[in-house]
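The values are calculated or read from the model by the stated rules, or taken from the named source; none is laboratory data. A quick note: this is a predicted structure, and the numbers were derived from the prediction, not measured. Glycine also receives a Cβ, built like all others from the backbone with ideal geometry; neighbour counts cover every protein chain displayed. Accessible surface areas use protein heavy atoms only, side chains included; no ligands, DNA or RNA. Shrake-Rupley method; radii C 1.70, N 1.55, O 1.52, S 1.80 Å.
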Amino acid sequence: SLHDALPISVRVRREQGCAIITVAGEVDIATVAQLRERLAELAGSGCPLIADLDQVRFIDAAGLGVLAAAAGRSAAHGASLQVVCAERRTRRLFRITKLDQYLAVSRTVADALELITAGHAGDNGPV
């Protein structure tokens, strides 16, 4: 079926001390386990995470739940999870589910990195 031909892809790269997770395809109940595994592993490492959803065509409640759980786990390890998403429809999902109160949603990876590095500078810089 077409669904099998369009699985999820989860790629991770490191940049400026952050892990950037690029998710592509469809994030739903059938594919979400793969994303959950990668995010849980990374969130436990204590480095800031950026989930880039720009190539995600579809995300459902299961996918949003996994992002929320990873954000919580990340916070418990002293870090954070940010979501990057330029797509209006996806951004709206974060707003109506109120997830944007727990996760920072940026329009670009550069914006997200800037937020993270600005936050760190504030932590360690002079008062």
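For the list (1) open to solvent by 20 Å² or more (accessible area, probe 1.4 Å); (2) of a type outside the set (Gly, Ala, Ser); (3) assigned to a strand (DSSP E or B); (4) under 17 Å from Arg13 (Cβ atoms), I need the number of the one condition that Ile50 fails.
Result: Ile50 fails condition (1) only.
Table: residues versus (1) touching a residue at least 12 places away in the same chain (Cβ under 8 Å); (2) outside any helix (DSSP H, G or I); (3) closer than 21 Å to Pro7 by Cβ.
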site	(1), (2), (3)
Glu41	no, no, yes
Ala62	yes, no, yes
Ala70	yes, no, yes
Gln82	yes, yes, no
Arg92	no, no, no
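State yes or no: is Val109 under 9 Å from the mean Cα position of the chain (by Cα), on the phi < 0 side of the Ramachandran plot and β-branched (Val, Ile, Thr)?
No, not satisfied.
Test Ala112 against the criterion of being open to solvent by less than 10 Å² (accessible area, probe 1.4 Å) and at pLDDT 95 or above, and give yes or no.
yes
Given the criteria more than 19 Å from Tyr102 (Cβ to Cβ), out of contact with any His (no Cβ under 8 Å at 6 or more places or on another chain) and in contact (Cβ under 8 Å) with a residue 60 or more places away in the chain, does Gln16 qualify?
yes
Quick check on Gln101: is it surrounded by fewer than 20 Cβ atoms within 10 Å (Cβ to Cβ) and either touching a residue at least 60 places away in the same chain (Cβ under 8 Å) or touching a Cys at 6+ places or on another chain (Cβ under 8 Å) (or both)?
It is false that Gln101 is surrounded by fewer than 20 Cβ atoms within 10 Å (Cβ to Cβ) and either touching a residue at least 60 places away in the same chain (Cβ under 8 Å) or touching a Cys at 6+ places or on another chain (Cβ under 8 Å) (or both).
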